[in-house]
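A.B. asks: So that we are looking at the same thing, I have put the structure below in structure tokens.
The values are calculated or read from the model by the stated rules, or taken from the named source; none is laboratory data. Only a predicted model underlies this, so the values are computations on that prediction, with no experimental measurement involved. All Cβ positions, even for glycine, are placed from backbone atoms using ideal geometry, and neighbour counts span all protein chains on display.
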Amino acid sequence: MITRFDHAVIAARDLVQAQRLFSESLGFEVYPGGRHTGMGTENRIIRFGLDYLELLGIYDREEVAAAGMSREALAEYLTTHEGGMLGFALATDDIDGLAARLARTGLEATGPYDMQRQRPDGVVLRWRLLVPGGSAWRRPWPFFIQWGMADTERLSFERPGRHPLGAQRVRGVSVVVRDGAAARHLYETQIGLIVDFEDETDAGPCVTYRVGDFTVDVLCPRANSAAGRFLSENGEGLYQVVLQVDSLNHAQNYLAERGIAFAREGTEAAPWAIPAADALGAELVLIGPQD
């Protein structure tokens with residue numbers, strides 16, 4: 001039912017500036033996305049394969065206000081943040097069946113409903129969304145997407161980028177939560193993911209779920225950890241996106257040449273990460289192909 005990771009969303013108050021930052025400083029090829037008709041939002045796409053990062057901004061606040069809770073949450077977030085992690089989507093091949101499961105297990109959701117985006121070349125992409133709780137942004141859960149065209153056809157319009165940083169794919173995400181037991185009920189009973197393993201990390205207890213070769217780490221962090229401070233300042237939801245690069249040495253050198261301190265945070269066991277301050281509030285963890 002849930003087939004793979006689809007994309008993670010990064011908010012951007014100034015989408016042109018965000019595109020420049022991610023392309024010129026961070027080494028991603030950023031494509032024009034398009035406008036979400038009737039929603040007041042537009043995006044830029046950093047594509048790896050079927051998986052991608054979405055830079056999301058607002059072009060019409062009146063349309064956003066009329067579009068409902070999820071888009072209003074974006075507008076509110078961008079009044080206090082230049083940008084940052086918003087949420088992530090998992091792909092499904094049976095969005096109606098998934099909606100029935102959520103309803104059966106007591107998780108209210110909006111949808112499935114139709115969405116579309118018109119690309120600058122006129123091509124219209126269509127999909128359906130299912131959003132637990134009525135909002136996908138800064139929440140402990142993912143949202144769900146089912147595309148309206150075959151994956152191969154969609155990739156013919158939006159080919160994978162050539163990223164100077166060496167980024168190849170999204171390997172995982174981490175989510176911070178306040179209540180570990182409630183999060184386990186959400187991810188296991190309601191969404192239906194299976195535990196891959198559990199760990200007591202430096203930051204706190206973590207449960208890892210696997211969707212194919214992609215992982216979701218659900219972390220209930222201690223207050224004095226970096227994740228705990230992020231939780232206190234931003235609330236529950238998406239914390240980090242893990243990207244696989246072809247060479248950590250190359251990535252470190254590439255970023256250093258552009259004045260970006262790519263380093264471990266905390267202990268020797270901590271992952272290598274691009275600091276959120278250098279990536280529009282989005283912490284991007286980089287791992288090598290053998291990690």
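A.B. asks: Looking only at segment 134-160, count every residue that is under 16 Å from Y187 (Cα atoms) and among the polar types (S, T, N, Q) and tell me the total.
C.D. replies: The total comes to 0.
A.B. asks: Can you pull out every residue in segment 95-140 that is farther than 29 Å from Q240 by Cβ, assigned to a loop (DSSP other than H, G, I, E, B) and of a type in the set (A, V, I, L, M, F, W, C)?
C.D. replies: Passing the criteria: only V123.
A.B. asks: Of the numbered conditions (1) touching a residue at least 12 places away in the same chain (Cβ under 8 Å); (2) β-branched (V, I, T); (3) farther than 19 Å from M149 by Cβ, T80 fails exactly one; give the number of that condition.
C.D. replies: All conditions pass for T80, except number (1).
A.B. asks: Quick check on this structure: which one of V176, V245, V218 is over 25 Å from L74 (Cβ atoms), touching a residue at least 24 places away in the same chain (Cβ under 8 Å), touching a helix residue (DSSP H, G or I) at 6+ places or on another chain (Cβ under 6 Å) and buried (at least 22 other Cβ atoms within 10 Å of the Cβ)?
C.D. replies: Being over 25 Å from L74 (Cβ atoms), touching a residue at least 24 places away in the same chain (Cβ under 8 Å), touching a helix residue (DSSP H, G or I) at 6+ places or on another chain (Cβ under 6 Å) and buried (at least 22 other Cβ atoms within 10 Å of the Cβ) holds for just one of V176, V245, V218, which is V245.
A.B. asks: Could you grab me the full set of residues in segment 70-122 that are of a type in the set (A, V, I, L, M) and either loosely packed, with under 14 Cβ neighbours inside 10 Å or not assigned by TED's automatic domain parsing to the domain that holds G134 (or both)?
C.D. replies: A100, A103
A.B. asks: What do you reckon, is G38 out of contact with any Phe, Trp or Tyr (no Cβ under 7 Å at 6 or more places or on another chain), assigned to a loop (DSSP other than H, G, I, E, B), farther than 29 Å from A183 by Cβ and not charged (D, E, K, R)?
C.D. replies: Spelling it out, G38 is indeed out of contact with any Phe, Trp or Tyr (no Cβ under 7 Å at 6 or more places or on another chain), assigned to a loop (DSSP other than H, G, I, E, B), farther than 29 Å from A183 by Cβ and not charged (D, E, K, R).
A.B. asks: Then there is this: Is it true that some residue in segment 127-141 is out of contact with any Phe, Trp or Tyr (no Cβ under 8 Å at 6 or more places or on another chain) and of a type in the set (A, V, I, L, M)?
C.D. replies: No: zero hits.
A.B. asks: Of everything in segment 25-58, what is without any contact (Cβ under 8 Å) to a residue 40 or more places away in the chain and surrounded by fewer than 18 Cβ atoms within 10 Å (Cβ to Cβ)? Give them in sequence order.
C.D. replies: The answer is G38, and nothing else.
A.B. asks: For residues in segment 149-181 being among the acidic types (D, E) and closer than 27 Å to Y209 by Cβ, which is modelled with the highest pLDDT?
C.D. replies: D179
A.B. asks: Could you please give the count of residues in segment 126-146 that are farther than 19 Å from L238 by Cβ and surrounded by fewer than 18 Cβ atoms within 10 Å (Cβ to Cβ)?
C.D. replies: Residues that pass the stated criteria total 1.
A.B. asks: Moving on to the next point. Counting residues that are over 21 Å from A89 (Cα atoms) and either among the charged types (D, E, K, R) or touching a Lys or Arg at 6+ places or on another chain (Cβ under 7 Å) (or both), which helices (runs of 4 or more DSSP H) fully inside segment 173-291 reach at least 2?
C.D. replies: In segment 173-291, the matching helices (runs of 4 or more DSSP H) lie at 226-234.
A.B. asks: Just to be sure before I move on: is W127 in contact with a Leu (Cβ under 6 Å, 6 or more places away or on another chain) and of a type in the set (F, W, Y) in the structure I sent?
C.D. replies: For W127, the condition - in contact with a Leu (Cβ under 6 Å, 6 or more places away or on another chain) and of a type in the set (F, W, Y) - is not met.
A.B. asks: Report whether or not L186 is out of contact with any Cys (no Cβ under 8 Å at 6 or more places or on another chain), of a type in the set (A, V, I, L, M, F, W, C) and surrounded by fewer than 16 Cβ atoms within 10 Å (Cβ to Cβ).
C.D. replies: When the stated conditions are applied, L186 does not pass them.
A.B. asks: Does segment 16-38 hold any residues that are aliphatic (A, V, I, L, M) and in contact with a Lys or Arg (Cβ under 6 Å, 6 or more places away or on another chain), and which are they?
C.D. replies: V30
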